[in-house]
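A.B. asks: I am attaching a structure below and will ask some questions about it afterwards.
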There are 4 protein chains.
Amino acid sequence: MRLGLDEKNAMTTKAIAIISSDAPDAARAYEALRKRYKTVPPEEADIIIAVGGDGFMLQTLIAHMDHHKPIYGMNQGTVGFLMNDYREDKLLERLEEAELTTLHPLRMRALSADGKIVDGIAINEVSLLRETLQMAKIRISIDGKVRLPELFCDGVLVATPAGSTAYNLSAHGPIVPLHADLLALTPISAFRPRRWRGALLASDAKVRFDIVEHQKRPVSVAAGPTEVRNVVQVDVQQDNSVDLLLLFDPSHDLAERVLMEQFTP
Amino acid sequence: MRLGLDEKNAMTTKAIAIISSDAPDAARAYEALRKRYKTVPPEEADIIIAVGGDGFMLQTLIAHMDHHKPIYGMNQGTVGFLMNDYREDKLLERLEEAELTTLHPLRMRALSADGKIVDGIAINEVSLLRETLQMAKIRISIDGKVRLPELFCDGVLVATPAGSTAYNLSAHGPIVPLHADLLALTPISAFRPRRWRGALLASDAKVRFDIVEHQKRPVSVAAGPTEVRNVVQVDVQQDNSVDLLLLFDPSHDLAERVLMEQFTP
Amino acid sequence: MRLGLDEKNAMTTKAIAIISSDAPDAARAYEALRKRYKTVPPEEADIIIAVGGDGFMLQTLIAHMDHHKPIYGMNQGTVGFLMNDYREDKLLERLEEAELTTLHPLRMRALSADGKIVDGIAINEVSLLRETLQMAKIRISIDGKVRLPELFCDGVLVATPAGSTAYNLSAHGPIVPLHADLLALTPISAFRPRRWRGALLASDAKVRFDIVEHQKRPVSVAAGPTEVRNVVQVDVQQDNSVDLLLLFDPSHDLAERVLMEQFTP
Amino acid sequence: MRLGLDEKNAMTTKAIAIISSDAPDAARAYEALRKRYKTVPPEEADIIIAVGGDGFMLQTLIAHMDHHKPIYGMNQGTVGFLMNDYREDKLLERLEEAELTTLHPLRMRALSADGKIVDGIAINEVSLLRETLQMAKIRISIDGKVRLPELFCDGVLVATPAGSTAYNLSAHGPIVPLHADLLALTPISAFRPRRWRGALLASDAKVRFDIVEHQKRPVSVAAGPTEVRNVVQVDVQQDNSVDLLLLFDPSHDLAERVLMEQFTP
């Protein structure tokens, strides 16, 4: 691992914490690892080992966002794009070899129709969707400038490069290389402008969504586990001041996998 | 008009009813037409004149579905794909010249999680959409055969040719010529199968959607004005026994306009 | 096989011819089948057995187009969408059980810049492509009516339902069910109209392509094995008077496979 | 203009050259400007004024690539994405106010089947296309690593951000913001991998195309005005050591226009 905190005999000195999701496989793996390796509580650890799937990793990254501790995921879930392979042996050696990838989260601030302000954080995307059979009407502004006065649609999302292979791809958005300083703005079923395909934005773009006729056409927003119903306005921006540190086996490099994903039919 | 009921001196003998939407423009047009032309109640009419936009026309078609009476729309709405141009004069002459287009509606039967069965009818499409931030998981069967055991998505829709230029187009489905005996089955943000683009089905296809894990992943369905929340199973089929009769000025032929729509960038 | 020519003891009375492509595997299979089954020359046969891949089947269908004889393909090629599985035994029983699918070919008539008229025939598609780095400019008329005065593009194609899963799909055209009376008109890299997606046309549509500025912007056309360079005008139309008869094992129904292809990610 | 070469009384001291395309409108404009402004030959100029369309601008940029002189385009052509509006008056004032945008060209090196090596340069894209009715088979390597062993297609292209709104968009590639350090790799009618959509690559990616079975399946390459027929191998890479300097009126900023292009339906 190429962290500043590295030391000569890192294997013996680095403190690890192990956490896992509630899924039976993950819980079993957790027990097996705990028997085998000496651990400390997360707050005392140099590295956190997260056992589960992508969903658990996203939770863990956000839960430990302020601690600036690298997270090493091991896959015991159904989707493991952010995870290393699970193996019980040689964990310390793998940590030594692991490479660091830094992601930045999206911050979402939603104003709901009842006047509440809710903050959320997401690693993949922030997405808006209509709540009833009334089509959504959304105004999109970038850096304070209205770019689309009215998008008629099912919804719209802002995705990070890491998230570009997930929901964004389903909504026909482009896959974005991990190190590109870009965000994907992608509509969900754009009705008007007819066949609008979305845009790639600078990674420091401030995106604002205003919900037009929000009483007649209610829209919800989702940022990670946070959902806000009946929103009036949503601001989304990448927070480049927060570094989310992920550790990957050299054979499992995330940038490489996002790249490979582009060559998958 | 080339109906069997045609007669020599049709202009004098054909009884017309005029109805309109509540929109101010439509109401004004209604008054102007009523002053100028002799009308009868809809149930006594040979032809119904509907003044408003597409939304009102869809309502009118469904309201008068069982009467087998041709409807001639005049546009006083924001979207008028199904409407003729509005003009006050020469209405009877235009009706004489008008050509008949026959559409068939979609019938929807939804079973909701609380055990209720709701029937709906739609002219453009029947569409399903997730209700919360949980992605929908939908099993799709065609004519009793499971074709996709699990579609992970925002939703999915079945559109008629007339509806293929509407919501279906927004969801990246193909425009289908009016006289093609086809239905478009189009996913909304297909997550898995990755980038699935949907299918064109025979017009007599029986489409069934089963909502997998419907408690965790609630889905609503919309058919015309009917919305059912938290559905478990939805059946959709075109009802070829019902003929919806629309009258269009020769210059305003619907099949031609669906065709033209395909040559619009 | 459910042909009018069926007889009681068909297995003993039906005369078969076997032909194969030049590929080594196909040639080997041909020898094995010839040893095992009594054959006649194609002109005396009731059924022609074609051993090879899709390319050979397309050739065979065209070569025997006027004989109105059903062709039963057995796959010994790299692509075998139109072929049954290869097995040496029980061939006569399989022929008894086989079901008939009828396709209609496209006829192409090209006028080249040097004044020659070349006729071609195709089962999948007729396609035009620019010949040099000059973008093509093509006028498209349907049934005598100009629908696009100038399509700026790499090219454009017309595909049958059977061909809709081939080149047409690559060019982002929709898959069309086998029994739909439609042709797909699909552009290749439409530059203007920007992002034009093509159209679905009635199966009896007469499509005409005029090459604008053909001297500066040469375009070639391909219909099956026929290629014409530097064309000025190309007419394409399905020939519904020609029935191409294909035999498929019940488990290998072509309509079913075109349908299944739509549910393949 | 914010160049290092700026001086206090720039309006009087900056030497301009004016050049134009052969098109009648451009030639007329050239004469009018020459009457009005004092000019020098391009080699003595501080700024070159190019009058014509995008095609002429691309030529001019390449012709003067090594001189490191800013080019200010004025539109008298059919496509003027890279051009400022044409106006005769206040040219010197406009030059004072103009803002500089730097582009980097793509370098192409092609090896043809007869053993020749041809170098080319392009500002928008380098594109490969099949020459005959035989589908192209192309191996794609990025930075020395094979990413697609065999792409069956009509062709493939590499586009810069500036070029992403041109041919790349027609081939269904994404629009890339001007300041993103990315190249778009976009297939033309990808047949296999089925529906492959291409990839976004780091701007320093070395892209190599090997033509598989080049004798049976000839492919040509185009880089700007350079076309090479029957190529065997093509290398493409952005040359970040060459700065192409374009001047735009503040109201006509290129980055803004690429961004706006993304919000155009």
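The values are calculated or read from the model by the stated rules, or taken from the named source; none is laboratory data. None of these values were measured; they are calculated from a predicted model. Cβ sites come from the backbone with ideal geometry, for glycine too, and all protein chains shown count toward neighbours. The accessibility values were calculated without ligands, DNA or RNA, using every heavy atom of the protein model including side chains. Shrake-Rupley method; radii C 1.70, N 1.55, O 1.52, S 1.80 Å.
A.B. asks: Within the range C:42-58, how many residues are aliphatic (A, V, I, L, M) and either farther than 16 Å from C:Ala29 by Cα or touching a Pro at 6+ places or on another chain (Cβ under 9 Å) (or both)?
C.D. replies: Total satisfying the criteria: 4.
A.B. asks: A further question on this structure: Exactly one of these conditions fails for B:Ile117: (1) of a type in the set (A, V, I, L, M); (2) closer than 30 Å to B:Leu247 by Cβ; (3) surrounded by fewer than 24 Cβ atoms within 10 Å (Cβ to Cβ). Give me its number.
C.D. replies: (2)
A.B. asks: Filter the range C:93-119 for residues that are within 16 Å of the chain's Cα centre (by Cα) and within 14 Å of chain D (Cβ to nearest Cβ) and give the result.
C.D. replies: C:Met108
A.B. asks: Same structure again: If I ask for residues that are crowded, with 16+ Cβ neighbours inside 10 Å, in a helix (DSSP H, G or I) and without any contact (Cβ under 8 Å) to a residue 40 or more places away in the chain, which ones from the range A:26-56 would you list?
C.D. replies: A:Tyr30, A:Pro42, A:Asp54, A:Gly55, A:Phe56, listed by residue number.
A.B. asks: Filter the range A:73-92 for residues that are open to solvent by less than 60 Å² (accessible area, probe 1.4 Å) and over 15 Å from the mean Cα position of the chain (by Cα); which is modelled with the lowest pLDDT?
C.D. replies: A:Gly77
A.B. asks: Name the residue that is most open to solvent (accessible area, probe 1.4 Å), counting only residues in the range D:171-210 that are of a type in the set (Gly, Ala, Ser), assigned to a strand (DSSP E or B) and facing chain A (nearest Cβ under 7 Å).
C.D. replies: This residue is D:Ala202.
A.B. asks: Moving to a separate point now. So which residues in the range C:141-170 are closer than 29 Å to C:Phe263 by Cα and either facing chain B (nearest Cβ under 10 Å) or free of Cβ contacts under 8 Å to residues at least 24 places away in the same chain (or both), if there are any at all?
C.D. replies: C:Pro161, C:Ser164, C:Leu169, C:Ser170
A.B. asks: Where in the range D:62-126 are there strands (runs of 3 or more DSSP E), lying wholly inside it, with at least 3 residues that are more than 22 Å from D:Asp181 (Cα to Cα)?
C.D. replies: Where strands (runs of 3 or more DSSP E) fall fully within the range D:62-126 and carry at least 3 residues being more than 22 Å from D:Asp181 (Cα to Cα), they are D:71-75, D:106-112, D:117-122.
A.B. asks: Right, something else. Take the residues in the range D:120-138 that are within 30 Å of D:Thr60 (Cα to Cα) and surrounded by fewer than 21 Cβ atoms within 10 Å (Cβ to Cβ); name whichever of them is nearest to the other protein chains (Cβ to nearest Cβ).
C.D. replies: In this case the residue turns out to be D:Glu131.
A.B. asks: Limited to the range A:234-248, what total is found for residues that are surrounded by fewer than 16 Cβ atoms within 10 Å (Cβ to Cβ) and touching a strand residue (DSSP E or B) at 6+ places or on another chain (Cβ under 7 Å)?
C.D. replies: Looking only at that region, the number is 2.
A.B. asks: For A:Leu95, all conditions in the list (1) surrounded by 19 or more Cβ atoms within 10 Å (Cβ to Cβ); (2) closer than 20 Å to A:Ala23 by Cβ; (3) not aromatic (Phe, Trp, Tyr) hold save one; what is the number of the exception?
C.D. replies: If we test A:Leu95 against (1) surrounded by 19 or more Cβ atoms within 10 Å (Cβ to Cβ); (2) closer than 20 Å to A:Ala23 by Cβ; (3) not aromatic (Phe, Trp, Tyr), just (2) comes out false.
A.B. asks: Please go through the range A:57-67 and pick out each residue that is open to solvent by 40 Å² or more (accessible area, probe 1.4 Å), under 16 Å from the mean Cα position of the chain (by Cα) and over 20 Å from A:Leu33 (Cβ atoms).
C.D. replies: Within the range A:57-67, A:Leu58, A:Ile62, A:Asp66 meet the criteria.
A.B. asks: Taking the condition of being farther than 26 Å from D:Ile62 by Cα and open to solvent by 40 Å² or more (accessible area, probe 1.4 Å), how many residues in the range D:211-230 meet it?
C.D. replies: 4
A.B. asks: What is the residue count in the range C:11-25 for residues that are open to solvent by less than 50 Å² (accessible area, probe 1.4 Å) and among the β-branched types (Val, Ile, Thr)?
C.D. replies: Summing the residues that are open to solvent by less than 50 Å² (accessible area, probe 1.4 Å) and among the β-branched types (Val, Ile, Thr) in the range C:11-25 gives 3.
A.B. asks: Anything in the range C:139-165 that is outside any strand (DSSP E or B) and surrounded by 20 or more Cβ atoms within 10 Å (Cβ to Cβ)? List them, or say none.
C.D. replies: Correct list: C:Asp154, C:Thr160, C:Pro161, C:Ala162, C:Gly163, C:Ser164, C:Thr165.
A.B. asks: Further question: Could you list, in sequence order, all residues of the range C:127-138 that are touching a residue at least 24 places away in the same chain (Cβ under 8 Å) and not in a strand (DSSP E or B)?
C.D. replies: C:Glu131, C:Thr132, C:Gln134, C:Met135
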